[in-house]
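Engineer: Once you've had a glance at the structure underneath, I'll fire off some questions.
Read the figures in this text as sums done on the coordinates, not as results from a lab. Everything numeric in this text was worked out from a predicted model, so none of it was measured. Counting neighbours? That spans all protein chains shown, and the Cβs are built from the backbone with ideal geometry, glycine included.
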Amino acid sequence: MASLRDLGLSEYEARAYRSLLRLGPTTAKELSRASEVPMGRIYDVLNSLEQYSLVRSQAASRPKKYVAVEPDAGLDRLLADRKEELERKAEQYEEVVDELSQELETAEPVDGHFWTAAVGPDETLDLLLERISTAEREIVMVAGAPAAGLDLGVIGEQITDELEEALDRGVSVSLLLSPDVVDGLPRSVGRRYTERLAQRENFSVRVATGLQGTFELIDDVEVCIEVSNPLDPGEAFAMIDLKDPEFASDVRESFEPRWENAKPLNL
């Protein structure tokens, strides 16, 4: 059940405001009795309600009387206060993230090698988006089959957003697709490609036959290999994220001639 406390009022403040709405113009003493707010607290409560612009006072009367602001106006003011507070907190959190991003550093494994895996379509997508977000120089994406992530509308939108942010950071993106993947792309994905990515100098897409598998090469040190569901090849089953410069170098050597012989994509 909704409560005035949900909008920032204390228990005493909520009681006093509700009682004022019921009583009409009244004194602090009468309000204390009706709301069961202790007399020793009632003036602090009334001062707080005045700061919220929920109460008006009649200073000329003796004793001083108070009246509640109409509920619609009062609730609108409380809502506006909550929104302003949330905006301030959001700005504070953003400042904290910016400061911590500069302060915290990622430690490389001692031997320079590390691997992890994600199982399931959602987990696979989350890992892919995470690794794209860490790229500093270059992202190579190769899709040899219409599997994980590249051919679905909602997922395509998420990947497009992450690639766009990478491009804004100055990361170069090379996307190599098989004809089957291109044929399976929804129009919505093609439209986003045309409107948001195609004209970027550090983004290029080519098409090549004979591609096997789907993987991402990040900064020439990390390879994300997508594993299709053996029972449903069109669905992502898992992703293996391998940080190994030597293996990444081998992948780069295999990729380069295929990229050179590929044709530019025209949607």
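Engineer: Which percentage, to the nearest 5, of the DSSP beta bridges contained in the chain is antiparallel?
Structural biologist: Bridges in the chain are about 75 percent antiparallel.
Engineer: Set the Förster radius R0 to 45 Å, insert the Cβ-Cβ distance between Gln92 and Arg33 as r into 1/(1 + (r/R0)^6), and round the FRET efficiency to 0.05.
Structural biologist: 0.60
Engineer: Per q in 0.18 Å⁻¹, report the Debye log10 I(q)/I(0) for the stretch 196-267, using one uniform scatterer on each alpha carbon and no solvent.
Structural biologist: The computed values of log10 I(q)/I(0) come out as -0.92.
Engineer: Report the longest stretch of the chain that contains none of the trypsin sites (Lys or Arg not before Pro) sitting in a DSSP loop with at most 16 other Cβ atoms within 10 Å.
Structural biologist: 65-136
Engineer: Write down the Å³ per residue value for the convex hull defined by the alpha carbon atoms of the chain.
Structural biologist: In the chain, the Cα convex hull volume per residue is 216 Å³.
Engineer: What length, rounded to one decimal in nm, is gained on full extension from Met1 through to Leu129, with 0.36 nm per residue of separation minus their alpha-carbon distance?
Structural biologist: 42.2 nm
Engineer: Then there is this: Under 5 Å between amide hydrogens, which residues at least 5 positions from Glu138 or on another chain qualify, with H placed 1.01 Å from N in the peptide plane?
Structural biologist: HN-HN under 5 Å from Glu138: Ser172, Asp219.
Engineer: Something else: If every alpha-carbon in the stretch 38-81 counts as one equal scatterer, what log10 I(q)/I(0) does Debye give at q = 0.13 1/Å?
Structural biologist: The Debye formula, applied to the Cα set alone, gives -0.31.
Engineer: Counting only residues 5 or more places away or on other chains, whose amide H sits under 5 Å from the amide H of Val207 once H atoms are built in the peptide plane?
Structural biologist: When sequence neighbours closer than 5 places are left aside, the close amide H contacts are Leu177, Lys263, Leu265.
Engineer: Tell me, Kirkwood radius of the stretch 1-103 from alpha-carbon pair distances, in Å?
Structural biologist: 15.1
Engineer: Taking the Cβ of each residue in Ile132, Ile240 as the centre, tally the other Cβ atoms inside 10 Å and list the residues starting with the fewest.
Structural biologist: Going from least to most buried by this count: Ile240, Ile132.
Engineer: Could you give the DSSP H helices of the chain that reach 15 angstrom or more along their long axis (alpha carbon positions) and whose average Kyte-Doolittle hydropathy is no lower than -0.5? It would help to have the intermediate numbers written out before the result.
Structural biologist: Values: long enough: 11-23 (18 Å, -0.68); 39-51 (19 Å, -0.22); 71-103 (47 Å, -1.26); 121-134 (20 Å, -0.19); 153-168 (22 Å, -0.21); 245-261 (25 Å, -1.42).
Both cut-offs are met by 39-51, 121-134, 153-168.
Engineer: Quick one: if you stick a label point 7 Å off each Cα along the C-beta vector at Glu201 and Gln51, how many nm between them?
Structural biologist: 5.5
Engineer: Can I ask one more? Rank these for me by crowding, Met239, Met141, Met39, going from fewest to most other beta carbons within 10 Å.
Structural biologist: Met39, Met141, Met239
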